[in-house]
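Each reported figure results from applying straightforward, stated rules to the coordinates on display, with no laboratory input. Everything numeric in this text was worked out from a predicted model, so none of it was measured. Positions of Cβ are backbone-derived with ideal geometry, glycine not excepted, and every protein chain shown enters the neighbour counts.
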Amino acid sequence: MTDRKLISLAADVMANSYSPYSRYKVGAAIECSNGTVFTGCNIENAAFGVTMCAEASAIAGAVSAGERNFKRIAIISEGNSYCLPCGTCRQLLHEFAPDLEVLSARADGRYVSYSLSSLLPVPFGKDHMSNL
Ligand code: THU
C-alpha cells in the first residue's frame, strides 16, 4: 500500500472524530505486517482525561482483532501542522512495534515520516522486566 493510500484511510476515519471539546479531529490508520489496516479516530469525553487518541483507537481495534504485528501508521489532523503521536501513544505503539514507521499528514496532503525509535529514543519496554 502506498503512503498516500494509508493516509487517505486515516483521513476517511477522521470524519468520525468525536471531538466537541478540542474541536481537533484526528484520524489514524495502522497497517499490519500482513497488509490489513485498522483505523481509529479520537474520542473525547466530558471527563477530559478519559479521551482516547486516534492512534489508541486504531491499536485497540487491531489488537482486539488479533493483530499485533505493525509496520506503519498514518496520522492526519485538520489544519496545517503535523500531528505527531502524544507520549502515551508513542509508548502504546512501542509495545507492539518498536520499529514502526510513523507518517504524519496535514490537511493539505503534505506529510512527514519518522521512525518510532526516533520519537521515543530511550523507551521503557518489556525487556526491562525480563531479567527479574
Ligand atoms: N489527539 C490524538 O488523537 N492523537 C494525538 O497524537 C494527539 C492528540 C487528540 C486527543 C484530543 O482529542 C485532541 O487530539 C486534542 O488533544
**OP:** May I have the convex hull volume per residue, in Å³, for the Cα set of the stretch 1-55?
**Re:** 69 Å³
Original post:
When only Cα pairs under 8 Å and 6 or more residues apart are kept, what is the percent relative contact order across the stretch 1-59?
Top reply: 30 percent
**OP:** Please compute the Cα-Cα pair-distance distribution of the chain with 5 Å bins starting at 0, giving whole percents from short to long.
**Re:** 2, 12, 22, 24, 20, 12, 6, 2, 1, 0
Subject >> the stretch 75-112 versus the stretch 1-23: alpha-carbon centroid distance in Å >> reply: 11 Å
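Report, to two decimal places, the Cα Rg of the stretch 84-132 normalised by 2.2 N^0.38 Å (N = number of residues). Provide the component values of the computation, followed by the final result.
Working: Rg = 12.9 Å, N = 49, 2.2 N^0.38 = 9.7 Å.
Against the empirical 2.2 N^0.38 Å value, I get 1.33 for the stretch 84-132.
Charges only on Cβ, +1 for Lys and Arg, -1 for Asp and Glu: so what's the dipole of the chain about the Cα centre, in debye to the nearest 20?
Rounded to the nearest 20 debye, it is 140 debye.
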Subject >> Residue among 122, 112, 63 with the largest mean-square fluctuation in a Gaussian network model of the chain, springs linking Cα atoms under 10 Å >> reply: 122
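Rounded to two decimals, what ratio of Rg to Rh does the stretch 38-103 give with C-alpha atoms and a Kirkwood Rh? Walk me through the numbers on the way to the answer.
Numbers: Rg = 12.0 Å, Rh = 12.5 Å.
We get a ratio of 0.96 for the stretch 38-103.
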Subject >> DSSP-defined beta bridges in the chain - what % are antiparallel, rounded to 5 >> reply: 75 percent
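If I take every Cα pair under 8 Å that is 6 or more residues apart in the chain, average their sequence separation and divide by the length, what percent do I get for the relative contact order?
Details: 271 pairs, mean separation 26.5, N = 132.
20 percent.
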Subject >> GNM flexibility winner over the chain from 69, 42, 80 (Cα, springs under 10 Å) >> reply: 80
**OP:** Go ahead and set up a Gaussian network model of the chain, Cα springs under 10 Å, then flag whichever of 21, 82, 114 fluctuates most.
**Re:** 21
